[in-house]
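Okay, so here's the structure we're looking at.
Taken together, the values in this text are just the output of simple stated rules run on the coordinates, not laboratory data. Please read all numbers here as calculations on a predicted model, not as lab measurements. With ideal geometry, Cβ positions are generated from the backbone for all residues, glycine too; neighbour counts draw on all protein chains shown.
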Amino acid sequence: MPTTNCLICGAELEYYQTPRQMVCAMCKKEYETTVACKEGHFICDACHMEKGVAMILDFCQNTESRNPIAMLQQMMARPEIYMHGPEHHVMVGAALLAAYRNCGGRVDLSAALPEMVRRGQQVPGGACGFWGCCGAGVSAGIFVSIITEATPLEKKSWGLANQMTARALQAIGALGGPRCCKRDSFTAVREAVAFVQENLGISMELPEKIICGFSRWNEQCKKEACPYYANKEKKSIV
Ligand SMILES: [Zn+2]
Ligand SMILES: [Zn+2]
């Protein structure tokens, strides 16, 4: 079951405006952090996403799905993926890569997925609020960078990758906070499907309506203000 709170003790998380030096409760290494639970437990990004990333790689390598939202919903329902966390910065792009390939896009998935992991893991948790740059949106930009083989010196692909991130962040930002890795991931993928159709001519599938099955585990859920909030009659699809 996804949880919003501390993975060690279940207490609520606190975010700091300026970082503190803390020791990760799992790997015991010291890091600068802007988040810990109210009881003082801190878990580093690498430990937080280790199991999730392994699952994402395996799932996306083996799926035949053409629908990246359905893929997200299946992965999010797995215990390795927490309610919020930087594993979403890998998951968005990985689902898009797999769906793109399964819909006829040209990409070597066995090389692209590890590269998605390498780049997505560099986007830290909390980048949404602290950088003004949600990691789910960046993940969509990384996806476009990988499939178009962008580098800092390219012309067209460089433009496309930056436009993808901008488009995802525009849609994510327009909805307003607080952060929800589910809402932000669904929004980034929805924008990416439209962007790829318009610019690269590959049609990935989307559900008729995106319905979130995770609101009950998110204490900061925007409920009716979230476009994916399920009403009481049709509660959850996962
Ligand atoms: Zn704790
Ligand atoms: Zn750690």
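Annotations
- The share of C-alpha pairs in the chain whose separation exceeds 23 Å stands at 46 percent.
- Above-threshold pairs, the threshold being 18 Å between Cα atoms, out of Lys38/Lys222; Lys182/Lys222; Lys51/Lys222: Lys38/Lys222; Lys51/Lys222
- Loop-located trypsin sites (Lys or Arg not before Pro) across region 197-233 with a Cβ neighbour count of 16 or fewer within 10 Å are Lys209, Lys232, with loop assigned by DSSP.
- Listed from fewest to most Cβ neighbours within 10 Å, the set Asp184, Asp45 follows the order Asp45, Asp184.
- Take every Cα pair under 8 Å whose residues are at least 6 apart in sequence, average their separation, divide by the length of the chain, and the relative contact order is 18 percent.
- Within the shell defined by Cβ-Cβ distances under 13 Å, the residues around Pro227 carry a net charge of +3, with Lys and Arg each +1 and Asp and Glu each -1.
- The GluC sites (Glu not before Pro) found in region 153-217 that occupy coil by DSSP, while having at most 11 further C-beta atoms within 10 Å, are Glu208.
- When the GluC sites (Glu not before Pro) in region 13-70 are filtered for DSSP coil states and for at most 15 other beta-carbon atoms within 10 Å of their beta-carbon, the remaining sites are Glu39, Glu64.
- Near Ile69, once Lys and Arg are set to +1 and Asp and Glu to -1 for all other residues with Cβ below 14 Å from its Cβ, the sum equals +1.
- Stretched out straight at 0.36 nm per residue, the stretch from Tyr15 to Glu224 would grow longer than its current Cα-Cα span by 72.7 nm.
- Translational diffusion of region 1-43, µm² s⁻¹ [Kirkwood Rh, Cα pairs; Stokes-Einstein; 25 °C; 0.890 mPa s]: 233 µm²/s
- Dipole magnitude for the chain: computed about the Cα centre from +1 point charges on Lys and Arg Cβ and -1 point charges on Asp and Glu Cβ, it is near 380 debye.
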